[in-house]
Amino acid sequence: MPTRDAHPGPPGMPPRTTREMALCVMMILLVIPASLAQEDMKGKVFLFPKETNTDYVSLTPNITKPLEKVSVCLRSYTDLPGTCSLFSLATPGMEEAFYIADYSLSSTIYINGNSTRFITASESLVWRHICVTWDSDTGVVLLWINGKLYLRTVSTKGSSIAAETSIVLGQRQNTFEGQSFSLWPFVGEISDVHMWDYVLTPDELLQALHSNAQGNIINWNALHYKIKGGILVQPKFQCTYLNHYKPCN
């Protein structure tokens, strides 16, 4: 009779066969939550196909301590003429701990509930690479769009963002952990989302613009995420920057 490979089992129990060991591994993989999955999203987008206050993407960040410096970069592509929510970070008791909203002619950044508004030029059906940085030591907030720096402002100097966070794309959270959403859902495509626990230098921001920088809190190339609703993961197609066409990175 052919023999089967066997592995020692617990004392008093018969040895396990290779097949039994494989079944055990499969069962363990089946019970791992989907939110723990890690995916390289390079060359992909989240497609938000319709206006709804129920669909969103939640991200699992690598945050171990309160944040006193933050950089967030992402790309968005939409023909929505009004206000839309791009990035929403909430903490217990503070739904607008770090929130980025895009308007027709402006962008608004909320840090610990305080808003800062930037007057910006807006074009529909153009990929916009948006980077926001904040330094608690000085309170300075920087907004970069497609490599262009807007006028610096100051917000919530000396404060910090709690380590316990809930991060959502495409919606503005009304409560912690995204249990309630307000108006301004995003419709379009979001890609290349990265987040750091430090302020990027101008050279590093240029690298992020060209997809050569990866976040240490959120990394698009090793993304932990969970989709709620009808949002799709799709390949990224033609990119446009300032009316010059180039392949998507």
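Annotations for the structure displayed:
- Search result, residues across the stretch 176-203 that are in contact with a strand residue (DSSP E or B) (Cβ under 6 Å, 6 or more places away or on another chain), part of a loop (DSSP other than H, G, I, E, B) and modelled with pLDDT under 95: Trp184, Phe186, Val187
- Any pair with Cβ under 8 angstrom, 6 or more apart, that starts in the stretch 214-232 at a residue that is closer than 23 Å to Thr54 by Cα and outside any loop (DSSP other than H, G, I, E, B) and ends at one that is of a type in the set (Val, Ile, Thr) and open to solvent by 40 Å² or more (accessible area, probe 1.4 Å): His224/Thr60; Tyr225/Thr60; Lys226/Thr60; Ile227/Val233; Lys228/Thr54
- Positions within the stretch 90-117 being aliphatic (A, V, I, L, M) and more than 15 Å from Pro185 (Cα to Cα), in sequence order: Ala90, Met94, Ala97, Leu105, Ile109, Ile111
- Test: Ser155 is surrounded by fewer than 21 Cβ atoms within 10 Å (Cβ to Cβ) and among the hydroxyl-bearing types (Ser, Thr, Tyr): yes
- Residue list for the stretch 156-180, restricted to those being in contact with a Phe, Trp or Tyr (Cβ under 7 Å, 6 or more places away or on another chain) and within 18 Å of Gly113 (Cβ to Cβ): Ile161, Ser166, Val168, Gln171, Arg172, Gln173, Asn174, Gly178
One line per residue, one yes/no per condition, for (1) modelled with pLDDT under 95; (2) out of contact with any Ser or Thr (no Cβ under 7 Å at 6 or more places or on another chain); (3) open to solvent by 50 Å² or more (accessible area, probe 1.4 Å):
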{"position": "Ala213", "(1), (2), (3)": "no, yes, no"}
{"position": "Asn216", "(1), (2), (3)": "no, yes, yes"}
{"position": "Asn221", "(1), (2), (3)": "no, yes, no"}
{"position": "His224", "(1), (2), (3)": "no, no, yes"}
{"position": "Leu232", "(1), (2), (3)": "no, yes, yes"}
{"position": "Lys236", "(1), (2), (3)": "yes, no, no"}
{"position": "Cys239", "(1), (2), (3)": "yes, yes, no"}
{"position": "Leu242", "(1), (2), (3)": "yes, yes, yes"}
{"position": "Asn249", "(1), (2), (3)": "yes, no, yes"}
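- Index of the failed condition, Ser106 passing every other in (1) open to solvent by 50 Å² or more (accessible area, probe 1.4 Å); (2) at negative phi: (1)
The values are calculated or read from the model by the stated rules, or taken from the named source; none is laboratory data. This one's a predicted model, so the numbers in the text were calculated from it and none came from an experiment. As a convention, Cβ positions derive from the backbone with ideal geometry for all residues, glycine included, and neighbour counts pool all protein chains shown. For the accessible areas, the whole protein counts, side chains as well, though only heavy atoms, and no ligand, DNA or RNA atoms are used. Shrake-Rupley method; radii C 1.70, N 1.55, O 1.52, S 1.80 Å.
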